[in-house]
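Below is one structure; the comments refer to it alone.
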Amino acid sequence: MENKELRVNGKRLRESLERMAEIGAIPGRGVHRLALSDEDREARDLFVGWLKEIDLDVTVDEMGNIFGRRTSKNNGLPPVMAGSHVDSQPNGGRFDGILGVMGTLEVLRTLHENRLITERPIVIVDWTNEEGSRFAPAMVASGVWAGALDRDWAYDRTDINGNRFEDELVRIGYKGQTPCRAWPVHCYYEYHIEQGPVLEKRGKVIGAPKGIVCLHWYDVFLEGVANQVGPTPMAGRHDALCAAAEMILKVNELPDRVGGDLVATVGEIENHPNSRNIIPGKVHFTVDIRSWDDDHAVKAWDLVRKDFEDIASRRGCPMSIEETWKVQHSPFDETLVRRILDAADQLGYPNMRMVSGAGHDASYMNQICPTAMIFVPSIGGRSHVEAENTSWEDCAAGADILLHAILHSAQEG
Ligand SMILES: [Zn+2]
């Protein structure tokens, strides 16, 4: 490792994170900073100001992605890229996304004050609307950048109040001129909180995911027969909610039944007409299945789908199923994963190889260039809630690993 002694300034990283956490701050130490909101604009303005302080060349593309480029000995070489997202979940935490952006900024500040000029340029990025909670789907702007999603389709996404993505982008002043299109990138690193309990439980500080699990989404629609609850005898009812209840438990039991690393969740349900004195006549619910092994996930779904069919016919509730989203598992670049683990060894941080159970902008970047991620522990494994927390020491440790990973890649000729 070059510049072995080099470390980030953990205190300065903490101050940047605390300053950002003021924007959209909510009680319980959380953050509410939805994509393309006034809070998002305020955070972006602050971020751009910080980029300019260290002489980065700032560009904003037509999806609102913000890039800060640091010059190098050879500006013609494809850059090393790193970053994450500034937006948050509704009533979310103060580390998800922003840690990767502030961590990368801290790396660049460290290089700046040490007057270190690398072989390749380094680009820091804030991807617009990673969360997808105001404008679905998630990771939309890195998806457009990578060529996986259509720009105009993304522009037409609307929030719950009918506001268009593009209009909101213009309103906050972040619809840039630069085309949202991938350019050659040497490699991409994303530093992020784990959002799960594994590192903490295993007593590790650094996690290097070997990739991101596959993600299969289904929507299930059930038809029952709505009727007054009092006069309708129990026998012969077609209660769509009871059918759904049985199905939901089958989903919950599925991982135990099939084994492996599979997780399966019903997270959303709509019941119609949702009245206490009417037998539910219509139910919609979602199924989310994830695993490192795509075939395993498909086989598990086939099993539970047969259960669904049995339940639906026994209860006389016709069912239809939509396959909403299917993303294959995405293995990261083994050389970069190894580099992260090696850097952690050399800096003396307990570390482990793992998988990422959540999607990140790194999934789309992985289609463009060699990609890897750095995880640090989430206290209590909590995330997407106000209680989301990571120790300041771990925040600095992850940024140190990012520093050395970026340096290594940026010195490659
Ligand atoms: Zn995130």
Query raised in the report: Among all residue pairs at least 6 apart or on different chains, which show Cβ distances below 9 Å where the first residue, located in segment 318-338, is among the β-branched types (Val, Ile, Thr) and the second is exposed (fewer than 14 other Cβ atoms within 10 Å of the Cβ)?
Result: 337/353
Query raised in the report: Would you pick out the residues in segment 264-299 that are crowded, with 19+ Cβ neighbours inside 10 Å and closer than 13 Å to residue 215 by Cα?
Result: 264, 287, 289, 290, 291, 292, 297
Query - Residue among 207, 176, 162, 100 that alone is over 22 Å from residue 326 (Cβ atoms), more than 16 Å from the ligand (Cβ to nearest atom), surrounded by 17 or more Cβ atoms within 10 Å (Cβ to Cβ) and not acidic (Asp, Glu) - result: 176
Report task. Quick one: which strands (runs of 3 or more DSSP E) lie wholly within segment 1-106 and hold at least 3 residues that are on the phi < 0 side of the Ramachandran plot and of a type in the set (A, V, I, L, M, F, W, C)? Result -> 80-84
Report task. Among the candidates 87, 38, 96, single out the residue that is over 26 Å from residue 358 (Cα atoms) and of a type in the set (Asp, Glu). Result -> 38
Report summary line: Exactly one of 119, 131 is within 16 Å of the ligand (Cβ to nearest atom), assigned to a loop (DSSP other than H, G, I, E, B) and surrounded by fewer than 24 Cβ atoms within 10 Å (Cβ to Cβ), and that one is 131
Query - Hits in segment 355-370 (condition: assigned to a strand (DSSP E or B) and either within 11 Å of the ligand (Cβ to nearest atom) or closer than 19 Å to residue 128 by Cβ (or both)) - result: 356
Report summary line: Flagged pairs (Cβ under 7 angstrom, 6 or more apart or on separate chains; first in segment 179-193, farther than 19 Å from residue 378 by Cα and away from the ligand (no atom under 16 Å from the Cβ); second among the aliphatic types (A, V, I, L, M) and assigned to a strand (DSSP E or B)) are 185/81; 186/80; 187/80
Requested in this report: Considering (1) farther than 17 Å from residue 51 by Cβ; (2) away from the ligand (no atom under 15 Å from the Cβ), say which one residue 107 fails and leave the rest.
Outcome: (1)
Query raised in the report: Right, residue 350: more than 24 Å from residue 15 (Cβ to Cβ) and either in contact with a Gly (Cβ under 6 Å, 6 or more places away or on another chain) or not aliphatic (A, V, I, L, M) (or both) or not?
Result: yes
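Would you tally the residues in segment 134-159 being assigned to a loop (DSSP other than H, G, I, E, B) and within 16 Å of the ligand (Cβ to nearest atom)? Give the steps one after another, and end with the answer.
Pass one, segment 134-159, residues assigned to a loop (DSSP other than H, G, I, E, B): 134-139, 146-150, 156-157, 159.
This time we only want the ones that are within 16 Å of the ligand (Cβ to nearest atom), so: 134-139.
Residues in segment 134-159 being assigned to a loop (DSSP other than H, G, I, E, B) and within 16 Å of the ligand (Cβ to nearest atom): 6 in total.
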Query - In segment 33-55, residue surrounded by the most Cβ atoms within 10 Å (Cβ to Cβ) [restricted to those that are over 16 Å from residue 97 (Cα atoms) and in contact with a Ser or Thr (Cβ under 9 Å, 6 or more places away or on another chain)] - result: 50
Report task. Could you look through segment 316-342, keep only residues that are among the basic types (Lys, Arg) and surrounded by fewer than 20 Cβ atoms within 10 Å (Cβ to Cβ), and pick out the one that is farthest from residue 291 (Cα to Cα)? Result -> 338
Query - All positions within segment 179-193 that are farther than 27 Å from residue 412 by Cβ and buried (at least 24 other Cβ atoms within 10 Å of the Cβ) - result: 193
Requested in this report: Answer yes or no as to whether residue 352 is under 19 Å from residue 194 (Cα atoms), surrounded by fewer than 18 Cβ atoms within 10 Å (Cβ to Cβ), under 21 Å from the mean Cα position of the chain (by Cα) and modelled with pLDDT of 95 or more.
Outcome: yes
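The values are calculated or read from the model by the stated rules, or taken from the named source; none is laboratory data. For clarity, every value in this text was computed on a predicted model and none was experimentally measured. Positions of Cβ are backbone-derived with ideal geometry, glycine not excepted, and every protein chain shown enters the neighbour counts.
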